[in-house]
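In what follows, a single structure is set out as structure tokens and then discussed.
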Amino acid sequence: MLVLMVVFSVVHAIDFIVYGQKLQSALACVGFGLMAYGAWRNPWNQAVAAGAGVRNRTAQVLSTIGIVLVLVSFVLRYVA
């Protein structure tokens, strides 16, 4: 999952730089990057296996912000 988020972030960065600097590409790039960081710092399987809650609160907050940014980029892409 982490690798896919990094790949999506790079693809959207290339889309932003090469194919016209659209806001939705920039938001998706940053959003997927933040989700990748959150997945790297707070892996879901380790938290579930340990029976503990969130280990890194900052990673969870940044992942949530990343999810919101990606959703906003999807809305901008398909509404506008």
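The values are calculated or read from the model by the stated rules, or taken from the named source; none is laboratory data. Not measured: the values here are computed from a predicted model. All Cβ positions, even for glycine, are placed from backbone atoms using ideal geometry, and neighbour counts span all protein chains on display. These accessible areas exclude ligands, DNA and RNA; they are computed on the full protein's heavy atoms, side chains included. Shrake-Rupley method; radii C 1.70, N 1.55, O 1.52, S 1.80 Å.
Table for the structure above
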{"item": "Total residues in region 14-37, condition surrounded by fewer than 19 Cβ atoms within 10 Å (Cβ to Cβ) and either at negative phi or at pLDDT 95 or above (or both)", "result": "9"}
{"item": "Yes/no for Gly66 being at pLDDT below 90, open to solvent by less than 40 Å² (accessible area, probe 1.4 Å) and either touching a helix residue (DSSP H, G or I) at 6+ places or on another chain (Cβ under 6 Å) or assigned to a loop (DSSP other than H, G, I, E, B) (or both)", "result": "no"}
{"item": "Test for Val6: is it at pLDDT 85 or above, over 12 Å from the mean Cα position of the chain (by Cα), of a type outside the set (Gly, Ala, Ser) and assigned to a helix (DSSP H, G or I)", "result": "no"}
